[in-house]
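Q: Dropping the structure in here first, questions after.
Derivation of every value follows stated rules applied to the coordinates shown; laboratory data play no part. Just so you know, these numbers come straight off a predicted model, no measurement behind them. All Cβ positions, glycine included, derive from the backbone under ideal geometry; neighbour counts span all protein chains shown.
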Amino acid sequence: MSKVVMVARLWLAVAMAVFSSAFVNGHVTLGWLSTRSEFLTQEEFWFDQTLDHFSHYNRHKFQQRYFEFLDYFRIPDGPIFFRICGEGPCNGIANDYLSILAKKFGAAIVSLEHRYYGKSSPFKSLTTNNLRYLSSKQALFDLAVFRQYYQDSLNLKLDRKSENPWFVFGISYSGALSAWFQLKFPHLTCGSLASSAVVLAIFNFTDFDQQIGESAGPACKAALQETNQLVEQRFAINKEEVQALFGAEEMEVDGDFFYFLADAAAMAFQYGNPDKLCCPLVEAKNAGKDLVDAYAKYVKNYFLGSFGSNVRTYIQKHLKNTTLGEDSADRLWWFQVCTEVAYFQVAPANDSIRSSKVDIRYHLDLCKNVFGEGLYPDVDTTNIYYGGTKIAGSKIVFTNGSQDPWRHASKQIPSPDMPSYLLTCRNCGHGTDLRGCPQSPPNIEGDAHSCTSPATVYKVRQQLVKKMDLWLSECQASINRKYV
């Protein structure tokens, strides 16, 4: 983008901010320009990124995609909200609660697509050898290098030498990256929100399944367990018939099918739709109807239907496909799982929701089958490097939803300068503080009214705003002293 165009866009953002602020009391703002869409913006920009940040010899570059939203930016010293994209294509800046925060603080929002995902792939072929540069460590340096590039570009276009205060945001894996970025590069940011941040690499993640049972409640849990037993019994007699019932005829590995069924249940709680699963199952059980049929309807109507999942995601033959395409994120994320973080969702020894076929051996065999010999998730090294839940950072806000099974891989106990909040309600799931409830279909601007306890979400958001206000003010004061 040319200097003239950039400056014009920046001053247009100022004009819009002034216009909208003049009508706040009358509830007339320009927010409607973006709130009718799932994204604030989908306009793409590109940046030359270093392929290997840890090599003195390999200086190859690749094109990395990013997005910017300047409508609320207070020129020239407004904060920059750095939204980290995670393990999938980043097709724009999501229109959730972050847009409200940006308007409140007069912030620009920038978002960088994770290396390899979406359009930011260094290679056209995703062979195991070509994936050697895919790691959280490389991704963190991507963020740091881009942050410097964007700040320098902004200064050039505004003809100044100062810096803007930066604040980092992420959900789930990108929430972990948000916390780790603040940990590793505290001089580049004023603070971070680590929403549902999975900062603890876990090899044997039985807590995931146990949380599903707790979130379901006694009646739904019992129905789920009975359903699983019935499926296993019928599967042993006629697996083709059972898989066809769930639309999973393509699956060749038994473990893939049972992992698929377990994940279908987990998503109802993870993303704030427990009633979509529990109501029909409990009703079927109480009425003496076929539980397997009831669960199959849920899987096809919700999990594969409105939720938008795909059976191929769980098929190892698909995961072995090295051709770059729209579904490549499945293979890419499993590579990170099989090398860094594991998060192996396995059946507990007792009182399990999922099939006992989904065990450690299933996951290790998947890694070997999909990527070849030699890959192993070194979770100990990952946790030593980042600290796990003992992360020794500062100015990081951790948030988790009470029903989210991933919260057991997050930091749930507050520590000095790192507050941790639990959003407690029946449909408080993954990233509820930014996304609201439920999350399928997504709520525009992270609306919290549909949460079963909206006051809980509001309270946590108020605490987040207080921390952001404090840390951004401290940052701005430091910047003023430096560039006085």
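Q: So what is the orientation-averaged projected area of the stretch 354-399, using the convex hull of its C-alpha atoms, in nm²? Intermediate results must be reported in sequence, preceding the final value.
A: Working: hull surface 21.9 nm².
Convex hull of Cα atoms, orientation-averaged projection: 5.5 nm².
Q: Could you calculate, for the stretch 215-341, the ratio of the Cα radius of gyration to the Kirkwood radius, expressed as Rg to Rh?
A: 0.99
Q: List the Cys residues of the chain that have no partner Cys with a C-beta closer than 4.7 Å.
A: CYS279
Q: Could you tell me the calculated FRET efficiency between ASP380 and HIS56, based on Cβ-Cβ distance and R0 = 45 angstrom, to the nearest 0.05?
A: Details: r = 28 Å, r/R0 = 0.61.
Efficiency computed from Cβ-Cβ geometry: 0.95.
Q: Rg to Rh ratio, the stretch 233-286, alpha-carbon atoms and Kirkwood radius?
A: Values: Rg = 12.9 Å, Rh = 12.4 Å.
Rounded to two decimals, Rg over Rh is 1.03.
Q: Hey, another quick one. In Å³ and rounded to a whole number, note down the convex hull volume per residue for the Cα atoms of the stretch 341-422.
A: Numbers: hull volume 10.3 nm³, N = 82.
For the stretch 341-422, the hull spanned by Cα atoms encloses 125 Å³ per residue.
Q: Still on this structure: Taking the 0 to 90 degree range and rounding to the nearest ten, how far is the long axis of helix 136-158 tilted relative to the main principal axis of the chain, both from C-alpha atoms?
A: 30 degrees
Q: With viscosity set to 0.890 mPa s and temperature to 25 °C, compute the Stokes-Einstein D of the stretch 384-425, Rh being the Kirkwood radius across alpha carbon pairs; µm²/s, no decimals.
A: 228 µm²/s
Q: Run down the aspartates and glutamates and flag those whose C-alpha is under 15 Å from the C-alpha of LYS395, throwing out any fewer than 8 positions away in its chain.
A: Correct list for LYS395: ASP417, ASP469, GLU474.
Q: Counting each pair of different Cα atoms once, what's the Kirkwood radius of the stretch 320-383 in Å, rounded to one decimal? Please list the in-between numbers first.
A: Working: mean 1/r = 0.0775 Å⁻¹.
The answer is 12.9 Å.
Q: Then there is this: Sequence neighbours fewer than 8 away in the same chain don't count; with that in mind, list the lysines whose C-alpha is under 16 Å from LYS103.
A: The qualifying lysines are LYS466.
Q: Whole number please: convex hull volume per residue, Cα atoms of the stretch 327-484, in Å³. Kindly include the intermediate steps, with their values, before the conclusion.
A: Details: hull volume 31.0 nm³, N = 158.
For the stretch 327-484, the hull spanned by Cα atoms encloses 196 Å³ per residue.
Q: What FRET efficiency comes out for VAL465 versus SER306 if R0 is 25 angstrom and r is the Cβ-Cβ distance? Round to the nearest 0.05.
A: 0.20
Q: Evaluate Rg over Rh across the stretch 178-286, taking Cα atoms for both radii and Kirkwood's formula for Rh. Walk me through the numbers on the way to the answer.
A: Numbers: Rg = 18.7 Å, Rh = 16.6 Å.
My calculation puts Rg/Rh at 1.12.
Q: Further question on the same structure: Compute the acute angle (0 to 90°) between the alpha-carbon long axis of helix 274-286 and the principal axis of greatest extent of the alpha-carbon atoms of the chain; round to the nearest 10°.
A: 20 degrees
Q: With a cut-off of 16 Å, note down the residues of the stretch 315-349 whose backbone N falls inside the zone around a label point 7 Å from the Cα of LYS119 toward its beta carbon.
A: In the stretch 315-349, the label zone of LYS119 (backbone N under 16 Å from the point 7 Å along Cα→Cβ) covers 325-327.
Q: Show me, for the stretch 187-201, the HN-Hα J-couplings you get by feeding each phi into the Karplus relation (A = 6.51, B = -1.76, C = 1.60, θ = phi - 60°), rounded to Hz, glycine and proline as x.
A: 7, 9, 8, 8, x, 8, 9, 10, 7, 6, 7, 8, 7, 9, 6
Q: Next question, about the same structure. Report, in degrees rounded to the nearest 10, the 0 to 90 angle that the Cα long axis of helix 254-270 makes with the longest principal axis of the chain.
A: Compared with the principal axis, the helix lies near 50 degrees.
Q: Project the alpha carbons of the stretch 381-457 onto their principal axes and report the range along each, largest first, in whole Å.
A: For the stretch 381-457, the Cα spread along each principal axis is 39, 24, 20 Å.
Q: Can you give the percent of C-alpha pairs in the chain whose distance is more than 43 Å?
A: Values: 18644 of 116886 pairs.
Tail of the P(r) past 43 Å holds 16 percent of the pairs.
Q: Then there's this: For the stretch 233-238, in order, what is each residue's ³J(HN,Hα) by Karplus, 6.51 cos²θ - 1.76 cosθ + 1.60 with θ = phi - 60°, in whole Hz (x at glycine and Pro)?
A: With the stated coefficients, the stretch 233-238 comes to 5, 6, 4, 5, 8, 8 Hz.
Q: While we're on this one: Counting Lys and Arg as +1 and Asp and Glu as -1, each charge on the Cβ, what is the dipole of the chain about the Cα centre in debye, to the nearest 20?
A: Values: 48 positive and 49 negative charges, 317 e Å.
Charge dipole of the chain: 1520 debye, to the nearest 20.
Q: Looking at the chain, identify the longest residue range that excludes and avoids all chymotrypsin sites (Phe, Trp or Tyr not before Pro) in DSSP loops having at most 11 other Cβ atoms within 10 Å. Kindly include the intermediate steps, with their values, before the conclusion.
A: On the way: sites that count: PHE23, PHE54, TYR57, TYR483.
Answer - 58-482.
Q: If N is the number of residues in the stretch 113-233, what value comes out of its Cα radius of gyration divided by 2.2 N^0.38 Å?
A: Working: Rg = 20.9 Å, N = 121, 2.2 N^0.38 = 13.6 Å.
It is 1.54.
Q: Label-point separation (nm) for THR322 and ASP351, each offset 7 Å from Cα along Cα-to-Cβ?
A: For the pair THR322/ASP351, the computed spacing is 4.6 nm.
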